[in-house]
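The values are calculated or read from the model by the stated rules, or taken from the named source; none is laboratory data. Bear in mind that the values here come from a model prediction, so they are computed numbers and not experimental data. Glycine also receives a Cβ, built like all others from the backbone with ideal geometry; neighbour counts cover every protein chain displayed. Heads up: the accessible areas ignore ligands, DNA and RNA and are worked out on the full protein's heavy atoms, side chains in. Shrake-Rupley method; radii C 1.70, N 1.55, O 1.52, S 1.80 Å.
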Amino acid sequence: MKIKKNIAISDNGFIFDSNTGDTYSLNPVGTEILLLLKEGKQLPEIQKAILEKYDSDNATFEKAYLDFISMIRQYHLTEE
Amino acid sequence: MTKKKITVAVSGLNNTDNPGPGIPVVRGIRESKEFDARIIGFAYENLEPGIYLHDIIDKTYQIPYPSAGIEPLMQRLEYINSIEKIDVIIPNFDAELFSFMKCADDLKKMNIHTFLPTHEQFEERQKSNLPDFGKKYGVNVPFSRPIFGENEIFGLTADFTYPLLVKGKYYDAYVAYNPEQVRMYFNKIVSKWGLPIIIQEFVHGTEVNVIALGDGKGNTIGAVPMRKQYITDKGKAWGGITLDDMNMLDLTHKIIGQTKWRGGMELELIKTNNNELFLIEINPRIPAWVYLAVGAGQNLPEALVKLALGEEVKPYESYDVGKMFVRYSMDMIVNLEEFEKLSMNGEL
């Protein structure tokens, strides 16, 4: 899964879709995940990076990650 | 560089909740690095706010309504020109464009320049001709047809499903969910803009717009796509943002290239969830949100003035994406003497 090219992500979590004009705001973890996705990273690498930094476990992360992915798909932020 | 002194007359000074393009057009011209413009306002009504914005409009003259015909308009323009020596007129209302197009040759003899669409361009993009326009130029347009009487309303279900759009010839558009609402909007629009009323298929999606300027030879001098972010109850943009959308720009180039569009225009489009674009309207003039284009790096009013004066204009190749505009309203304090002067003398 890839994030669309025209999605601009600020470090503070402000997202701008320059194709639709839509804007979103993300919390810090969401921002980190979206930036990793934008770099082309996939689930295993993202999971590793987040779990190294935050106190969580694989199951909790995966559930939250899948929720997050379904949300960004719903907002057409992904290329599919 | 010394700026060239010119006199430009504009209409559309109604900077209200249904704003005319006059004031933002003037702001663009005032920001020109090439022109030092004296701005003459043309007003139809004595409460158009631009009349009283003296730092934007140098002098305002009332002009006759388009319904009065060409002769009174020309007489008035001759009088105004005898005082002001106008170089360029930029008419900004759909309803007055026909009169100015008709006067264009006579104005040229008076050394007044315009840069307007041709009669053919103006007519073929009329709302009632949009289906033929779509066919001719290979552009997606929603199905529509004109109706001329209330008796046609109940037969609409043969061609349309509800909801559908009820539109006036020049202005106004309402979404109707049943025949009763169509009848209500039909009467509302007829009393204002006359017949025909256009019934248009409702296409689901996001409304997006492009402002563009064609040089009359098929070249696009500038084009900026925008999405309305804040829409008033009249459907007007109170806030908007520039977009990065190649499909919208390609469509604009295609339309201007094929029609050899001359002058300013606004494309009103619906972008569906599948990213398909449907053309719902072409406004044959600069839209009221033109200052967003200026702010994004394309001074289209300045370019329009240059085209009108016969100067060479290099097409704009880029603009800032994600540039926004947010309108505001402000109370001006006006002395009764000013209102009196305009009402009694027709000029201020």
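What to note about this one:
- Most simply put, chain B has about 75% antiparallel DSSP beta bridges, counting only bridges with both residues inside it.
- Relative to the dominant Cα principal axis of chain A, helix A:58-74 is inclined by about 10°.
- Approximate spin-label separation B:M246-B:S318, in nm, with each point projected 7 Å along Cα-to-Cβ: 1.6 nm
- Taking Cα centre as origin and charging only the Cβ of basic (Lys, Arg, +1) and acidic (Asp, Glu, -1) residues, the dipole magnitude of region A:2-79 rounds to 260 debye.
- Look at the alpha carbon pairs under 8 Å that are at least 6 residues apart: their mean separation over the length of chain B gives a relative contact order of 18 percent.
- Interchain or long-range residues, amide H under 5 Å from B:R38's placed H: B:I6, B:T7, B:V8
- Candidates per GluC sites (Glu not before Pro) in region B:1-71, loop by DSSP, up to 12 other Cβ within 10 Å: B:E45
- Chains A and B together, accessible area buried on both sides, 1.4 angstrom probe, square angstrom: 700 Å²
- Here the dipole of the protein assembly as shown is about 740 debye; that uses its Cα centre as origin and unit charges on the Cβ of Lys and Arg (positive) and Asp and Glu (negative).
- Note that the protein assembly as shown presents 48 Å² accessible area per residue, ligands and nucleic acids not counted, probe 1.4 Å.
- About the Cα centre, charge dipole magnitude for chain B (Lys/Arg +1, Asp/Glu -1 at Cβ), debye: 480 debye
- For B:I90, the residues whose amide H sits under 5 Å from its own are B:A9, B:V10, B:S11, ignoring neighbours fewer than 5 places away on the same chain, with H placed 1.01 Å from N.
- 1.4 Å probe, heavy atoms, protein only - residues of region B:227-251 losing at least 20 Å² accessible area vs chain alone: B:R227, B:I241, B:L243, B:D244
- Calculated FRET efficiency for the pair A:K41/B:Y170, C-beta based, R₀ 51 Å, to 0.05: 0.40
- Sequentially through region B:291-298, phi angles give Karplus couplings (6.51, -1.76, 1.60; θ = phi - 60°) of 5, 5, 4, 4, x, 8, x, 10 Hz, Gly and Pro residues having no value and appearing as x.
- Set of region B:147-167 residues, backbone N closer than 15 Å to the point 7 Å along the Cα-Cβ line of B:R183: B:149-157
- Label-reachable residues, region B:200-226, where backbone N falls under 14 Å from a point 7 Å from B:D159's Cα toward its Cβ: B:200-202
- Take the Cβ atoms of B:S329 and A:N58, set R0 to 45 Å, and the FRET efficiency comes out at 0.25.
- Here's how it looks for A:D22: its modeled amide H is under 5 Å from those of A:D17, which are all 5 or more places away or on a different chain.
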